[in-house]
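Here the structure comes first, spelled out in structure tokens, and everything after it is commentary.
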Amino acid sequence: MSVPSSVSFQTLSGDFGPVLGEVARLRLSLFREFPYLYDGTEEAEAAHLQTYVQAPGALLVLARDETAGGRVVGACTAVPLVAEDADFLRAFAAAGIDPATVLYLGEALLEDEYQSRGLGGELLSQVEAHAQALGLPIVAAAMVVRSEDHPQRPRGWRSPSHLLERRGYVMHPELEITLSWQEIGESAPSSKPMRFWVKGLEG
């Protein structure tokens, strides 16, 4: 499916400050939905996004719709895995994958009405091109693990993992870590399992 002509993509590497507020807005809105059910704050978002401001080789791609006043309707972030927490590095090393060879796709965000219109594939293409430019032969993405009968799972919900799998990403059950955040209805953060999808890029 072709991307709507009104949507343009902006690729940033190194100077994210002026647009981080727009990325934080998307994260707070979209991660509040299933499967993350994230009950976040602007302060927590600012702290999280500092990883991408400070890390060498970090990438931010924005999708803007000119018919919506140039509003950011999609975004993705990526960073060399070595800039992430030690838990990430240990999981990959234990699976026999050198963390220094991996670009980590931190998130790929799209407002609901822009999904299934080709934008997700274009965001992934930008990330994969960045990995190749950095000489990193592997891209990895993580998703929270939720049960099929989770009470908050919407009827007819389709996992974003379908897009990853169409693009050649393979789920690795042995690659799993836990991250903590406060879920809607929780009084405090709790640990959630995160599982990785991995793609090796052709040279």
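The values are calculated or read from the model by the stated rules, or taken from the named source; none is laboratory data. No experiment lies behind these values; they were computed from the predicted model shown. Cβ placement follows ideal geometry from the backbone for every residue including glycine, while neighbour counts extend to all protein chains displayed.
Counting only residues that are part of a strand (DSSP E or B) and surrounded by fewer than 16 Cβ atoms within 10 Å (Cβ to Cβ), which one in the stretch 187-203 is farthest from the chain's Cα centre (by Cα)? Restricting to residues being part of a strand (DSSP E or B) and surrounded by fewer than 16 Cβ atoms within 10 Å (Cβ to Cβ), the top hit is 190.
Under the condition of being surrounded by 14 or more Cβ atoms within 10 Å (Cβ to Cβ), outside any loop (DSSP other than H, G, I, E, B) and hydroxyl-bearing (Ser, Thr, Tyr), the residues counted in the stretch 151-186 number 1.
Residue count for the stretch 1-39, restricted to those that are touching a strand residue (DSSP E or B) at 6+ places or on another chain (Cβ under 7 Å) and under 26 Å from residue 191 (Cα atoms): 11. Going by the structure shown, is residue 65 of a type in the set (D, E, K, R), surrounded by 19 or more Cβ atoms within 10 Å (Cβ to Cβ) and either farther than 28 Å from residue 132 by Cα or more than 16 Å from the chain's Cα centre (by Cα) (or both)? Spelling it out, residue 65 is indeed of a type in the set (D, E, K, R), surrounded by 19 or more Cβ atoms within 10 Å (Cβ to Cβ) and either farther than 28 Å from residue 132 by Cα or more than 16 Å from the chain's Cα centre (by Cα) (or both). Is there a residue in the stretch 9-30 that is buried (at least 19 other Cβ atoms within 10 Å of the Cβ), assigned to a loop (DSSP other than H, G, I, E, B) and in contact with a Leu (Cβ under 7 Å, 6 or more places away or on another chain)? Within the stretch 9-30 (the criterion being buried (at least 19 other Cβ atoms within 10 Å of the Cβ), assigned to a loop (DSSP other than H, G, I, E, B) and in contact with a Leu (Cβ under 7 Å, 6 or more places away or on another chain)), the answer is yes, since at least one residue qualifies. Taken over the stretch 105-161, residues that are of a type in the set (Asp, Glu), over 17 Å from the mean Cα position of the chain (by Cα) and under 28 Å from residue 4 (Cβ atoms) amount to 1.
Just so you know, in the stretch 31-49 the residues that are under 15 Å from the mean Cα position of the chain (by Cα) and outside any loop (DSSP other than H, G, I, E, B) include one that is surrounded by the fewest Cβ atoms within 10 Å (Cβ to Cβ), and it is 48.
Selection of the stretch 133-167 for residues being closer than 19 Å to residue 114 by Cα and among the charged types (D, E, K, R) yields 158, 166, 167. Residues considered: 57, 106, 74. Of these, the only one that is within 27 Å of residue 183 (Cα to Cα), touching a Leu at 6+ places or on another chain (Cβ under 7 Å) and outside any helix (DSSP H, G or I) is 74.
Pairs linking a residue in the stretch 1-22 that is of a type in the set (D, E, K, R) to a residue that is surrounded by 10 or more Cβ atoms within 10 Å (Cβ to Cβ) and at pLDDT 90 or above, with Cβ atoms under 7 Å and 6 or more positions apart or on different chains, are 22/72. Contact annotation: residue pairs with Cβ atoms under 8 Å, 6 or more positions apart or on different chains, pairing a residue in the stretch 85-101 that is modelled with pLDDT of 95 or more with a partner that is of a type in the set (Gly, Ala, Ser), are 92/140; 99/93.
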